[in-house]
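Working notes for the structure below.
The values are calculated or read from the model by the stated rules, or taken from the named source; none is laboratory data. Predicted model, so just to flag it, every value in this text is computed and none were measured. Quick reminder, even Gly has a Cβ in these numbers, built from the backbone with ideal geometry, and neighbours come from all protein chains shown.
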Amino acid sequence: MTPPRHVARRDPRAHWLLLLLGLVLLLATLTVHGLVTGLGGGSGPAAAVTGGDPGAAATSAAGVPKPVAAGGPVLRLDRPEPVSRTMPDRTIALTFDDGPDPRWTPQVLDVLRRHHAHATFFVVGARVNEHPELVRRILAEGHELGSHTFTHADLASQPGWRRDLELSLTRKAIAGATGREVTLLRPPFSSLPSELTGPGYEALRDAAGSGHLAVLADRDTRDWERPGEAQIVKAATPPRGRGAVVLMHDGGGDRDQTVAALDRLLPELTGQGYRFTTVSAGVGAPESALPASAGTRLSGTALRWTQRGAGWVAGAMNLLLGIALVLGVARLAVQVFCAQRHVRRVRRNTGPRPEVRAPVSVIVPAYNEAANIAATVRSLVASAYPALEVIVVDDGSTDGTADIVERMRLRGVRVLRQANAGKPAALNTGIRAARAELLVLVDGDTVFQPDTVYRLVQGFADRSVGAISGNTKVANRRRLLGRWQHLEYVIGFNLDRRMYDVLECMPTIPGAIGAFRREVLLGVGGVPADTLAEDTDLTMKVLRAGWRVVYEESAIAWTEAPSSLRQLWRQRYRWCYGTMQAMWKHRHALRESGAGGKLGRRGLPYLMVFQILLPLTAPAVDVFALYGLLFLPWSTLALSWFGLLLLQALTAGYALRLDRERFGPLWALPLQQLVYRQVMYLVVVQSVVTAVIGNRLRWQRMVRTGEAAALVTAARAG
């Protein structure tokens, strides 16, 4: 069916590129957040404490020179032969990894200041960006900084480009926070030189090429295992007055034992003649922190704001998902509550009540409906209703639609022909020609059951009812796309209609099956032609005129759903765009009273939230799900997905039971979430963009195949 032809500009196309770029940018932003927040802590699998003797390792790992494995913890590897250095006797370089941490780093600094000791802090670049003030405090109090990579990555297992990136980003982060560049490096998950592996040694050699000096440890306290204060003090104490680089942690977990052990270790060893200094000062090297260039400082500042922005985006996405989940659960609760009330109402109405047997005129607008029109008209004529006329309005068909109906020569069927003017004009032609006061409007591809008309009009026994919606069902549901639409009709449309009925704010009587009082249609000026969803527009006008609009679930009409994704897209694009037109047209219902006010304050907000706003956010939600696949535990993700799927399946099962349908199509529900849902929200995106830029959408007519009519006819014959 075609409405009056609109002159339309070319559909927008650039928005798809913008959407894709936006989603890629969102994924990249979330990836940044995932990398910088999924940080571990702790040192590597160090061997048991050997008493601090660097020569205790009898052999070295393959690929690690023996002098390195048996040498000191400070390694210079940018020369043909590696050079290692050790701390002088009674000199301890305390080192702290995995910070800065907003809770533990200040406590460690307080203890060091109280005992007049200095230390070296190997910081994680991502945490530097989170707490730059702590890094500045470390330098201001005379301590030393070193790199511990940007994301606490195991350099030995990373490709070369990732190693370079980890070190470069950490340098920039520190430069952006302090104006200084660092040259010291301690790789995460490292410990004593004797524990160095071949890949780990190669990673340190590569880092030396960019000016880094590697620092391992003589004493690994393994404080990340929380062995107790006494054990940490024991592990940090060198034997026989020797010097040592001691590995501890000020981040990456609960460090209360570390702080307590440090407060005990410092006075004990100071009393034994030990001095506590930085790594560079301990080995007599120049200061390791060098002034950073303006470009490096600027890059570091940009990096920090990028990381913060990624955190804000991730927080916003978490908030969005939380809101969507709450709204979804609330919607389901309201739907189920209203459905139960609707069921009870239907049961109460099964008793004796006035029977409606007034004459009914059925109006069938038809444009190129040759595939289905015969089955549609036959089903109407076969209705078990005593006083029925059928008016087929041919709207300039070019496929012989009117001729098919005329050749049938059925009693009580009239054919009216008009030049193509659109579906609303055809309906209005039929309304003017109708003889009855009760009118049923039917699409040209719809097949009624024998009792459909009778059941549909019984609600008019209540004089406050101006229009009644029937129950539309998908006939061609044998293929996967048809099953998806069947589930959508039953779960979405029909559950919603029960809710709308109870809340008295029904926004749409479907074009496939709806009954109206003639006086109502004449009172609202007939079927409107200025929107592409004339059924929604008309229903809203009826409500605003003060009439009740109800739902009759037992009045069933079988319709042919789109059989291809292209046809589905065109149909839903028109529906969505037309619905938005109708919502805007009737926005003033928000401040009305009576039935119009219920539409404005119940129906319109519901449509806005669940048919426009949430679908618009769905692409971002899918990107967030992809982010979850990359960074969240698969068990958590799978549990969440199956939990939501189970909730949807229970809802679908309940809706199918209400509609007296079989549960078989439920197997298609998981696939519906992976394909069909994306098509639906992309339709909303396209519709909103079309509306925002001011384009007028032309009527998107679906090509009929006649499959639905054939299936219904065969089912009846069987």
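Scan the stretch 230-276 for residues that are among the polar types (S, T, N, Q) and within 51 Å of the chain's Cα centre (by Cα) and report the count.
Of the residues in the stretch 230-276, 3 are among the polar types (S, T, N, Q) and within 51 Å of the chain's Cα centre (by Cα).
Output the strands (runs of 3 or more DSSP E) that fall wholly within the stretch 58-106 and possess 1 or more residues being more than 49 Å from the chain's Cα centre (by Cα) and surrounded by 24 or more Cβ atoms within 10 Å (Cβ to Cβ), or say none.
Qualifying strands (runs of 3 or more DSSP E): 91-99.
If GLY526 meets every condition in (1) under 26 Å from ARG677 (Cβ atoms); (2) not in a helix (DSSP H, G or I) apart from one, which number is that one?
It fails just one condition, (1).
Please specify each residue of the stretch 642-655 satisfying the condition of being in contact with a Gly (Cβ under 9 Å, 6 or more places away or on another chain) and touching a residue at least 12 places away in the same chain (Cβ under 8 Å).
LEU647, ALA655
If a residue counts only when it is more than 42 Å from the chain's Cα centre (by Cα), within 30 Å of ARG353 (Cβ to Cβ) and in the same structural domain as GLY523 (by TED's automatic domain parsing), which helices (runs of 4 or more DSSP H) contained entirely in the stretch 380-470 have at least 2 such residues?
Once the helices (runs of 4 or more DSSP H) in the stretch 380-470 are filtered for at least 2 residues that are more than 42 Å from the chain's Cα centre (by Cα), within 30 Å of ARG353 (Cβ to Cβ) and in the same structural domain as GLY523 (by TED's automatic domain parsing), what remains is 423-433, 452-457.
On the basis of being more than 30 Å from ALA618 (Cβ to Cβ) and not in a helix (DSSP H, G or I), does SER361 make the cut?
yes
For the stretch 496-521, which positions are modelled with pLDDT of 95 or more and small (Gly, Ala, Ser)?
Within the stretch 496-521, GLY514, ALA515 qualify.
Scanning the stretch 130-154 for residues that are in a helix (DSSP H, G or I) and crowded, with 24+ Cβ neighbours inside 10 Å, which turns out farthest from the chain's Cα centre (by Cα)?
Filtering the stretch 130-154 for residues that are in a helix (DSSP H, G or I) and crowded, with 24+ Cβ neighbours inside 10 Å, the one farthest from the chain's Cα centre (by Cα) comes out as ILE138.
Pairs only if they're at least six apart or on different chains, beta carbon under 8 angstrom, first in the stretch 240-261 and more than 14 Å from ARG219 (Cα to Cα) and free of Cβ contacts under 8 Å to residues at least 60 places away in the same chain, second surrounded by 24 or more Cβ atoms within 10 Å (Cβ to Cβ) and acidic (Asp, Glu); list them, first residue then second.
Here the result reads GLN257/ASP223; ALA261/ASP223, each pair linking the stretch 240-261 to a residue that is surrounded by 24 or more Cβ atoms within 10 Å (Cβ to Cβ) and acidic (Asp, Glu).
Failed condition for ALA324, given (1) in contact (Cβ under 8 Å) with a residue 24 or more places away in the chain; (2) closer than 23 Å to LEU495 by Cα; (3) assigned by TED's automatic domain parsing to the domain that holds LEU656, with all others met?
Evaluating ALA324 over (1) in contact (Cβ under 8 Å) with a residue 24 or more places away in the chain; (2) closer than 23 Å to LEU495 by Cα; (3) assigned by TED's automatic domain parsing to the domain that holds LEU656 leaves (3) as the failure.
Results for (1) without any contact (Cβ under 8 Å) to a residue 60 or more places away in the chain; (2) crowded, with 18+ Cβ neighbours inside 10 Å; (3) out of contact with any Gly (no Cβ under 8 Å at 6 or more places or on another chain), shown as yes or no for each residue.
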position: ARG409; (1), (2), (3): yes, no, yes
position: GLY412; (1), (2), (3): yes, no, yes
position: GLN418; (1), (2), (3): yes, no, no
position: LYS423; (1), (2), (3): no, yes, no
position: ILE431; (1), (2), (3): no, yes, no
position: GLY444; (1), (2), (3): no, yes, yes
position: VAL453; (1), (2), (3): no, yes, yes
position: LEU456; (1), (2), (3): no, yes, no
position: GLY459; (1), (2), (3): no, yes, yes
